[in-house]
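The values are calculated or read from the model by the stated rules, or taken from the named source; none is laboratory data. If you're wondering where the values come from, they're calculated on a predicted model, not measured in any experiment. We place every Cβ from the backbone using ideal geometry, glycine too, and count neighbours over all the protein chains shown. These accessible areas exclude ligands, DNA and RNA; they are computed on the full protein's heavy atoms, side chains included. Shrake-Rupley method; radii C 1.70, N 1.55, O 1.52, S 1.80 Å.
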Amino acid sequence: MKLHKISLALIMGLGTLTSCGDKLELTNPNQQTTGTFGQTVSDLEENIIACYNHIRMEGTYARVGYMIDVCRGDEVWNSSQVWYKEFDDLNVPFTIDIGQWSWRDWYYTINVCNYVLSRTGDLSAATDQVKRIAGQAYFIRGLAYYNLAGYYQNPILITSYDAYSSLDGLYAPNYETQGEDPNLQYDRVMDQVESDFQQALDLLPTKDLGGEWQNGRANKGAAAGFLARALMMRHKYSDALTYLKNIISGQYGQYKLMENYGDNFREGSKYENNNESIFEVQFLDYGTQGTDDEWTPVNTSANATQGSAIESNFGPGNYGGWADLSASPWLYNLFKQERTTEGTLDPRLYWTIGTYESDWDGFEYGNVCYTTPMSADNYVVTNNSYGGLPVAKFTNLRTGLYDKVVTGLHDGINLRLMRYSDVLLRAAECENEISGPTQQAIDWINQVRNRAKLANLKLSDFDSKDKLFEQIANVERPKEFGCETGRGFDLIRWGWFYDAGRLQQMKEHGAFNYWTTSDYESGAITYTPKDPVDYSTCSKSSYDSWLPGHEFYPIYQGTLNDNPNLVGNSANYGTTNAGYFSSKGWTIHPVVDLSK
């Protein structure tokens, strides 16, 4: 019998199947199966740990699953022009194998979550401990489907563990009617995402309960924050704003901005799971992990590393990194356009892009790249062949801890998937969509700006909803979250792929020039890696190669071949999603010149 990859992914953990006929049945008392495991609360607590472990796989957040959305954003370009190239170019072929890794690993995660939920029983009569176990399973399953829908548009929706008991369940369809618009399945999956996050919100405790609920476990704040994100994907701004306001008011626990922006990007108990963190992926600090890199989802080694490879992807080649992704010149120069009230550079630049700046002399760890002093006339680039401004976020480029990248699954910095600053800026966006521009929206934005010591925005400077949206989308969010995952989701929900003005703007943001030291020193090129890029003369822009439908990633052809009930999405068939967006009555804000 032919079993495809997804079947194997879903079937793992099912245990031994019951034999039939008159054969002698023997049970190994030392081997756990689905028939013997999961019958006690203690077992279910172990299952929940497995759920959290599954969001640390390569296809979830340990490497590829995180990076392929970073690639979709206009804040990053592919400086290796090899690994992730097709993802950055937004024209991924349906035959590329790594395009399937996130699909595979999120379904592993869903499998474990569904198993937990199959064992928690009637929650109306359950203990608080069981409710909290179920709440975490709902949250992680919601997170899985949020990513699957955001990447693949029309994934298979499986919410019952019993479905794995037959091939009919394993070879489930991702449609209700043959030939339907993939967005119909997208809506069904997003309905489930909203339901799962709402269930989690109802069942989980607040962060203020303390202990593990403020140190890594999903809690009400995390559920409310991600529910708001899911609602905003389909422009449900009023509903989303309700949950965001509840977070701001402290209904789900007390959150606040850290005084030092850099504390969100360092490892160690002093910085991780801090007061700004809504939810983060837990990785062990470097030096406390195992020694074996395991790139497969099975994690069979007792000495497996417990870190991510994010630093390896971002790290400059001269410092041991794989030199795959770099910050866009647009983002760098956006930071340079506005100084603080003290006349200095925005401190967020320091932690986002690893460049030499005179402002950094005496600031934090100074002008360093992995403890090596930087100078004004020595341009540290990501990739030696193509150049690029090094990304500093979630790396040790600025932490002063290590002198080079230790490649592989060793990066111990927790990935903060949602921070309180995101809550504030999303609340401002929702407020603006509903009744903007308003002073309330401005006030929420200014809280984030004040942490960076930037001057307050004034309501009088924004005469329209469109202008304030432009400020949020192309100034405030890029400077606060630049080079983090999430920008690709934003570009989709804003509809920028379906508007000529916005598509042109993304092309300009994503423009870059190749740069090498030898060409610069010989005079073959006169520009530096920091200079603004003229789109009309640039080496390349990521969005020039975007094809309709390819704002999503195609479902891998091998998976389609193995499952006769599975159909492709808009990226597989090169079909536009503009009609779906417009049919909802959603607004695409026109480009606004903020200088006027």
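Observations
- Residue-level check: of (1) part of a loop (DSSP other than H, G, I, E, B); (2) among the hydrophobic types (A, V, I, L, M, F, W, C); (3) closer than 27 Å to Tyr520 by Cβ, Val406 misses just (3).
- Answer residue from region 108-128, given it is among the β-branched types (Val, Ile, Thr) and farther than 15 Å from Leu143 by Cα and is surrounded by the fewest Cβ atoms within 10 Å (Cβ to Cβ) among those: Thr127
- Residue that is most open to solvent (accessible area, probe 1.4 Å) [pool: residues in region 157-178 that are of a type in the set (S, T, N, Q) and not in a helix (DSSP H, G or I)]: Gln178
- Being part of a helix (DSSP H, G or I), crowded, with 18+ Cβ neighbours inside 10 Å and touching a Pro at 6+ places or on another chain (Cβ under 9 Å) is a condition met by no residue of region 352-370.
- Test: residue in region 204-213 that is closer than 30 Å to Lys270 by Cα and open to solvent by less than 10 Å² (accessible area, probe 1.4 Å): yes
- Qualifying residue in region 179-189 (condition: modelled with pLDDT under 95 and either crowded, with 19+ Cβ neighbours inside 10 Å or outside any helix (DSSP H, G or I) (or both)): yes
- Tally, over region 84-107, of residues that are open to solvent by 10 Å² or more (accessible area, probe 1.4 Å), among the aromatic types (Phe, Trp, Tyr) and under 18 Å from the mean Cα position of the chain (by Cα): 1
- One residue stands out among those in region 261-295 that are in a loop (DSSP other than H, G, I, E, B), touching a residue at least 40 places away in the same chain (Cβ under 8 Å) and of a type in the set (S, T, N, Q): the one that is surrounded by the fewest Cβ atoms within 10 Å (Cβ to Cβ), which is Thr288.
- Enumeration of residues in region 296-320 that are of a type in the set (Ser, Thr, Tyr) and open to solvent by 50 Å² or more (accessible area, probe 1.4 Å): Thr296, Thr300
- Taking region 297-323 as the range and being in contact (Cβ under 8 Å) with a residue 12 or more places away in the chain, over 18 Å from Arg266 (Cα atoms) and polar (S, T, N, Q) as the test, the residues that pass are Asn299, Asn303, Thr305, Asn318.
- Hey, Ser195 open to solvent by 10 Å² or more (accessible area, probe 1.4 Å) and closer than 30 Å to Ala427 by Cβ or not: yes
- Selection from region 326-339 of residues that are open to solvent by 10 Å² or more (accessible area, probe 1.4 Å) and not in a helix (DSSP H, G or I): Gln337, Glu338, Arg339
- From Gly482, Gly495, residue being open to solvent by less than 20 Å² (accessible area, probe 1.4 Å), under 25 Å from Leu349 (Cβ atoms) and at pLDDT 95 or above: Gly482
- Within region 54-73, not a single residue is outside any loop (DSSP other than H, G, I, E, B), open to solvent by 10 Å² or more (accessible area, probe 1.4 Å), free of Cβ contacts under 8 Å to residues at least 60 places away in the same chain and of a type in the set (Val, Ile, Thr).
- Comparison of Ala230, Ala223, Ala323 shows that the only residue that is open to solvent by less than 10 Å² (accessible area, probe 1.4 Å), among the aliphatic types (A, V, I, L, M) and part of a loop (DSSP other than H, G, I, E, B) is Ala323.
- Identification of helices (runs of 4 or more DSSP H) wholly contained in region 454-524 with 1 or more residues that are closer than 20 Å to Leu547 by Cα yields 487-494, 500-509.
- Flag for Glu470 being farther than 30 Å from Trp322 by Cα, open to solvent by 10 Å² or more (accessible area, probe 1.4 Å) and touching a residue at least 24 places away in the same chain (Cβ under 8 Å): no
- Of everything in region 533-557 that is assigned to a helix (DSSP H, G or I) and touching a Lys or Arg at 6+ places or on another chain (Cβ under 7 Å), the residue that is most open to solvent (accessible area, probe 1.4 Å) is Asp544.
- Scanning region 424-446 for residues that are surrounded by fewer than 20 Cβ atoms within 10 Å (Cβ to Cβ) and either of a type in the set (Asp, Glu) or under 24 Å from Asn264 (Cα atoms) (or both) returns Asp443, Asn446.
- The residues of region 254-271 that are closer than 16 Å to Trp351 by Cα and either in contact with a strand residue (DSSP E or B) (Cβ under 7 Å, 6 or more places away or on another chain) or among the aromatic types (Phe, Trp, Tyr) (or both), listed by number, are Tyr261, Asn264, Phe265, Tyr271.
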